[in-house]
Amino acid sequence: MTLSFFDQFMSPVFLGIPLAALALALPWVLFPKPTVRWLNCRLLTLQSWFINSFTQQIFQPLNVGGHKWALLLASLMVFLITLNLLGLLPYTFTPTTQLSLNTAFAVPLWLATIIIGMRNQPTHALGHLLPEGTPTLLIPVLIIIETISLFIRPLALGVRLTANLTAGHLLIQLTSTATFVLLPLMPPVASLTALLLLALSLLEVAVAMIQAYVFVLLLSLYLQENI
């Protein structure tokens with residue numbers, strides 16, 4: 001029974017073909033495309049409002065050079081939110097529960113911010129490795145610690161997103177299993193468990209959106225340090 005709880009995180013395969021690519025391509029089909037008409041539909045208007053609000057909030061602290069990342073980070077934000085929310089539907093696969101996928105998102109973007117900082121202002125970028133006013137004896141130790149923390153950042157991004165989504169899915173499945181088991185035995189307790197399941201489902205919807213936002217927000221903070 002314990003192993004079956006983790007089967008939902010295995011990549012689905014049909015006729016020997018992994019369907020992870022289909023799960024990654026499906027969200028892009030759901031987005032409405034802009035039209036040349038003067039009046040847009042409600043869904044397209046809501047999508048444009050969301051992207052504009054997100055872009056203004058994320059890139060307001062950044063200078064003009066960082067605004068070039070607006071399209072990339074906004075697209076990543078919408079993509080992660082869609083993947084996370086679609087994964088809450090029954091009989092679906094959530095690609096963002098895979099650490100390999102989240103790390104593949106985090107490492108290139110984190111590395112791009114580091115390269116930009118080393119190319120544009122190498123002195124300022126290297127200055128983050130040694131805080132001002134550090135005692136002489138602690139300089140080698142602090143440089144090693146800051147270097148390790150710098151390289152841990154992309155792993156922390158991927159692990160944070162994976163762990164939160166995996167924990168939420170496991171809690172929902174455990175609670176739903178307990179509800180079905182208790183329903184013929186103790187209906188009142190099963191009703192309370194069903195209410196807990198509803199609360200967990202609503203919480204997981206919020207977690208799915210918040211974790212996507214935190215992922216992109218941390219990338220914007222890394223970018224802000226290097227521009």
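Overview of values
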| read-out | value |
| --- | --- |
| Contact order normalised by residue count of region 21-226, Cα under 8 Å, 6+ apart, percent | 27 percent |
| Whole-percent carbon and sulfur share, accessible surface of the chain, 1.4 Å | 75 percent |
| Three-way shape label, region 157-225, alpha-carbon gyration tensor, a/c 1.5 | prolate |
| Residue (of 199, 75, 136) at the positive-pole extreme of the chain, dipole from beta-carbon charges | 75 |
| Prolate/oblate/rounded call for region 1-117, Cα gyration tensor, a/c under 1.5 rounded | oblate |
| Percentage, to the nearest whole number, of Cα pairs in the chain over 28 Å apart | 46 percent |
| Exposed-site-free run, longest, the chain (rule: chymotrypsin sites (Phe, Trp or Tyr not before Pro); DSSP loop; at most 10 other C-beta within 10 Å) | 92-227 |
| Separation between Cα centres of region 203-227 and region 22-80, rounded to whole Å | 15 Å |
| Per residue solvent-accessible surface (Å²) - the chain, probe of 1.4 Å | 63 Å² |
| Order of exposure, largest accessible area first, which applies to 77, 186 with probe 1.4 Å | 186, 77 |
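The values are calculated or read from the model by the stated rules, or taken from the named source; none is laboratory data. Predicted, not measured: the structure shown is a model, and the values here were computed from it. Positions of Cβ are backbone-derived with ideal geometry, glycine not excepted, and every protein chain shown enters the neighbour counts. The area values use the complete protein model at the heavy-atom level, side chains included, leaving out ligands, DNA and RNA. Shrake-Rupley method; radii C 1.70, N 1.55, O 1.52, S 1.80 Å.
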